Amino acid sequence: MALFRRRRSPRDVDAAMRRALLKSLVQDWEGVESELGDAARADSQPTDVYLALARLFRLRGEIGRAIRVHQNLLLRKDLPPGERLDALRGLAGDFRRGGFLQRAIAAYEEVLARRPADTEALRALVQLHADARDHRKAIELARRLAKAEGGDPRPEEARLLVELARAAHAEGRTQDARRALKRALRRAPEDARAWRLLGTIETELGRSKAALAAWRRVPDLDSRAGSDIYSRLESSYAALGKPREFETFLAQRLERSPDDASARLALAGALAARGDSSAALQAVRQVLDAEPDHLLAHRTLARLLLAEGRDQEALKAFEQLLDVLERRGMLESRERIE
């Protein structure tokens with residue numbers, strides 16, 4: 001947008017800004033841009049109009065235009081310090097939205113150089129440094145942010161340490177990952193993600209007991225842990241030669257959380273594996289009584305019946321499974337196929 005030479009009454013600016021606000025409420029973005037342009041033509045000095053335009057451009061994904069507006073503002077010699085800081089924050093946000101990681105970091109760091117306790121810049125830099133895999137810098141900034149806000153830094157430090165562990169694990173630095181997770185759990189002992197990853201790492205290190213101890217923590221901390229964690233637990237108990245203790249663990253878990261369908265299905269699988277098909281079928285039917293459309297329960301029921309040689313009942317169970325898949329839109333209607 002060109003700079004506008006003609007100045008009008010402040011009333012013209014106020015009126016255009018009010019109209020822009022009203023049009024933003026109905027998401028008439030072209031109208032908003034037009035009104036903001038009128039406000040700028042009325043008086044090119046106030047920065048609020050340009051900051052609003054830049055935010056509008058960023059909202060619409062026009063990052064290049066937003067960057068140019070903020071950069072033009074920062075070139076002005078007469079810009080007061082507070083408004084210069086707003087423009088710099090806006091430019092940093094543009095770079096971040098545009099995926100210019102290092103430029104965003106540099107811009108936010110310039111904000112901090114001017115205002116060391118700026119919480120918006122600190123919060124952005126925590127995640128930007130994490131995205132850049134500089135987790136140690138991210139943790140340092142998370143501490144500064146917590147101090148500025150008067151909060152507890154430990155939960156955010158734990159989150160970043162888990163991210164650091166994931167990155168180290170992906171790069172094959174298993175011991176570094178394990179150390180990071182231990183640090184995370186000292187700060188947040190209830191972090192299910194940390195326990196889950198620690199179990200994986202302990203397994204890779206051949207430490208079956210330690211893996212089991214880590215994975216046992218997960219279901220009570222994360223009710224959505226699902227069948228994956230129970231299959232890992234089953235493998236750990238089996239590796240230690242204690243498959244019956246897995247059943248005991250599941251029974252205790254179900255006493256605490258009777259609605260844990262994944263635990264009940266895992267128990268059904270364990271019961272079936274040692275030949276108690278009657279108890280296994282009962283466990284599966286309990287799940288279906290509570291959740292009639294539970295896909296895994298339908299599939300487990302059908303397979304258990306088939307293994308028992310109860311072909312007609314198994315066929316009916318598979319038909320019920322197909323019905324659930326159709327209702328969920330995961331399978332083309334059999335009527336249409338026919």
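Observations on the structure shown:
- Positions within segment 200-228 being surrounded by fewer than 20 Cβ atoms within 10 Å (Cβ to Cβ), of a type in the set (Asp, Glu) and part of a helix (DSSP H, G or I), in sequence order: 204, 220, 228
- Residue match in segment 118-129 (condition: surrounded by fewer than 16 Cβ atoms within 10 Å (Cβ to Cβ), among the aliphatic types (A, V, I, L, M), within 24 Å of residue 163 (Cα to Cα) and in contact with a helix residue (DSSP H, G or I) (Cβ under 9 Å, 6 or more places away or on another chain)): no
- Any chance residue 153 is loosely packed, with under 15 Cβ neighbours inside 10 Å and not basic (Lys, Arg): no
Listed here are the residues, each with its yes/no results for (1) under 23 Å from residue 228 (Cα atoms); (2) assigned to a helix (DSSP H, G or I); (3) in contact (Cβ under 8 Å) with a residue 12 or more places away in the chain; (4) in contact with a strand residue (DSSP E or B) (Cβ under 7 Å, 6 or more places away or on another chain).
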position: 162; (1), (2), (3), (4): yes, yes, yes, no
position: 166; (1), (2), (3), (4): yes, yes, yes, no
position: 172; (1), (2), (3), (4): yes, no, no, no
position: 175; (1), (2), (3), (4): no, yes, no, no
position: 185; (1), (2), (3), (4): yes, yes, yes, no
position: 195; (1), (2), (3), (4): yes, yes, yes, no
position: 198; (1), (2), (3), (4): yes, yes, yes, no
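Every number here is computed from the coordinates shown, using simple stated rules; none is lab data. From a predicted model like this one, the values you see are computed outputs, not experimental measurements. Using ideal geometry, Cβ is built from the backbone for each residue, glycine included, and neighbour counts are taken over all protein chains shown.
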